Amino acid sequence: GRLLEDLNKQSHQSFEVIVVDSNSDDNTCEVAQGFEKALPALSVHKMEGRGTSLGRNTGAKLASFERILFLDADVRLEPTFLTNALHQLEKRKLEVAGVYMSAEELSAGYRLGYGLFNAGLYLTSFFFPTSVGACLFSTKRAHEEISGFDESIVLCEDCDYVRRASETWRYRMIPVSFWFDPRRLKQDGFFKMGLTYLKANGRRFFFGEMRNNEMT
């Protein structure tokens, strides 16, 4: 609901919203349908199966615009997010691009961690792209060319997506940011989660994508 409210307040309003519910057992669909008047170009789709990559691929197939923005449900956006992001995408002529995570209003420890994580996203974009799928720009052309997200990958499917896209198009991070609820970091532990993704991308770099439970 908070994300849809943020979309309603965007300074750029030429967009559609496609909510794909991954067969959840909460009231996601009901909450989304409550925004039909606020967001006229809103559609809600409930899948029979579950899966992050499946949900993103389903939404991309339903999209009518060429430019696609993948968002997770707990993302928060500033009112000028779309305006600024679209300007940067056009200026840099990017098909696929990542977005930085904002640590605004978080503690000093989180700000330091986010800063290091964002630095990693920037540096790797030049030779082995990594990404945060919670807020990721693409296009229908690029998405279809690489056959979307690989639904067989169990971890870092978003990083695999941008890596494959970068083989055809220049991939870069754009200087805009999003905020998301850090509850997962608090639940799993900030350093534990950071180490998990560091190990995962190290394994990806040397041995390829994870389609089994290599990290368990």
- prompt: With a sphere of radius 14 Å drawn around the Cβ of THR28, what net charge do the other residues whose Cβ falls strictly inside it have (Lys, Arg +1; Asp, Glu -1)?
  reply: -3
query: Of all accessible surface on the range 82-162 at a 1.4 Å probe, what whole percent is carbon and sulfur?
result: 56
task: On the full set of protein chains, 1.4 Å probe, figure out the accessible area of LEU69 and give it in Å² to the nearest 10.
output: 50
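Restricting attention to the range 132-183, which GluC sites (Glu not before Pro) occupy a DSSP loop and are surrounded by at most 12 other Cβ atoms within 10 Å?
Counting only loop positions with at most 12 other Cβ atoms within 10 Å, the GluC sites (Glu not before Pro) in the range 132-183 are GLU167.
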- prompt: If you take the square roots of the eigenvalues of the alpha-carbon gyration tensor of the chain and sort them as a ≥ b ≥ c, do you get rounded (a/c under 1.5), prolate (a/b over b/c) or oblate?
  reply: rounded
query: What relative contact order, as a whole-number percentage, does the range 1-146 give when Cα pairs under 8 Å and 6 or more residues apart are counted?
result: 29
query: Restricting to the chain, what percent of DSSP beta bridges are antiparallel, rounded to 5?
result: 50
message: Please list, by residue number, every one of the GluC sites (Glu not before Pro) in the range 1-48 that is coil in DSSP and has at most 13 other beta-carbon atoms within 10 Å.
response: GLU16, GLU36, GLU48
- request: For the range 91-189, run through the chymotrypsin sites (Phe, Trp or Tyr not before Pro) and keep only the ones in DSSP coil with at most 12 other Cβ atoms within 10 Å of their Cβ.
  value: PHE126, PHE127
Solvent exposure ordering (accessible area, 1.4 Å, most first) of HIS87, HIS45: HIS87, HIS45
task: Please name which of LEU121, PHE180, CYS156 has its Cα lying farthest along the dipole of the range 93-189 towards the positive end, using unit charges on Cβ (Lys, Arg +1; Asp, Glu -1) and the Cα centre as origin.
output: LEU121
message: Lone cysteines in the chain, defined as no other cysteine's Cβ under 4.7 Å from theirs: which are they?
response: CYS29, CYS135
task: Roll a 1.4 Å probe over the protein chains and send me the accessible area per residue for the chain in Å².
output: 55
message: Can you give me the long-range amide H partners of ILE68? Hydrogens built in the peptide plane at 1.01 Å from N, cutoff under 5 Å, separation of 5 or more residues or another chain.
response: SER138, THR139, LYS140
message: If the reach is capped at under 28 angstrom between alpha carbons, list the lysines near LYS140, excluding any in the same chain fewer than eight residues apart.
response: LYS9, LYS37, LYS46, LYS61, LYS91, LYS93
statement: Long-range alpha-carbon pairs in the range 1-125, meaning those over 19 Å apart, account in percent for 58
message: Just want to confirm a number: the relative contact order over the range 59-216, from Cα pairs under 8 angstrom separated by 6+ residues, in percent.
response: 34
message: What three numbers, in Å, describe the spread of the alpha carbons of the range 88-164 along their principal axes, ordered from the longest?
response: 41, 34, 23
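The values are calculated or read from the model by the stated rules, or taken from the named source; none is laboratory data. Source: prediction; values computed, not measured. All Cβ positions, glycine included, derive from the backbone under ideal geometry; neighbour counts span all protein chains shown. These accessible areas exclude ligands, DNA and RNA; they are computed on the full protein's heavy atoms, side chains included. Shrake-Rupley method; radii C 1.70, N 1.55, O 1.52, S 1.80 Å.
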